[in-house]
1. Give the dimensionless ratio obtained when the Cα radius of gyration of segment 32-99 is divided by 2.2 N^0.38 Å.
2. Can you give the local net charge around Glu106? Use residues other than it whose beta-carbon is closer than 15 angstrom to its beta-carbon, Lys and Arg +1, Asp and Glu -1.
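Readers should treat all values here as calculations from the given coordinates under stated rules, not as data from a laboratory. From a predicted model like this one, the values you see are computed outputs, not experimental measurements. Note that we place each Cβ from the backbone using ideal geometry, even for glycine, and neighbour counts take in every protein chain shown.
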Amino acid sequence: MKISSQSWQAQLNHESAHPSPIAPEAHDTAKHPSSSLIEKVKTMQLAINRLESERDNLSHTVSDLKQLIQRLSLEQKREAERSLRISQDLSQKAKRLENSLEISREYGDHFQKIKSFWVEFIE
């Protein structure tokens, strides 16, 4: 069972303000060093509070880092998709140019003959 820091602090304050009627000698600071124990408990409680605060801060930091990683992952995925589209577009353009070059090689002689005909005809 976890005791919250507030309930523990309240219990300490209540016990120090209202000594137990069953054993009044237990609260006598001359016989028992209960004040030093209370100080130790308060010091430990402060340390616990500090550690809990640090844990919460670290938890928030981890959460922020997870979100950052997710955003970076999504951004990299989008960049990869964009690069893939550009690559595909360039590949299609290269195929069109190869087809144009092949047609030019195959029918280039015919076009030269037509050009020569018209050059002779016009002169």
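1. Working: Rg = 29.1 Å, N = 68, 2.2 N^0.38 = 10.9 Å.
With N residues counted in segment 32-99, Rg over 2.2 N^0.38 Å equals 2.66.
2. Working: positive: Arg105, Lys113; negative: Glu98, Glu102, Asp109.
Surrounding charge for Glu106 is -1.
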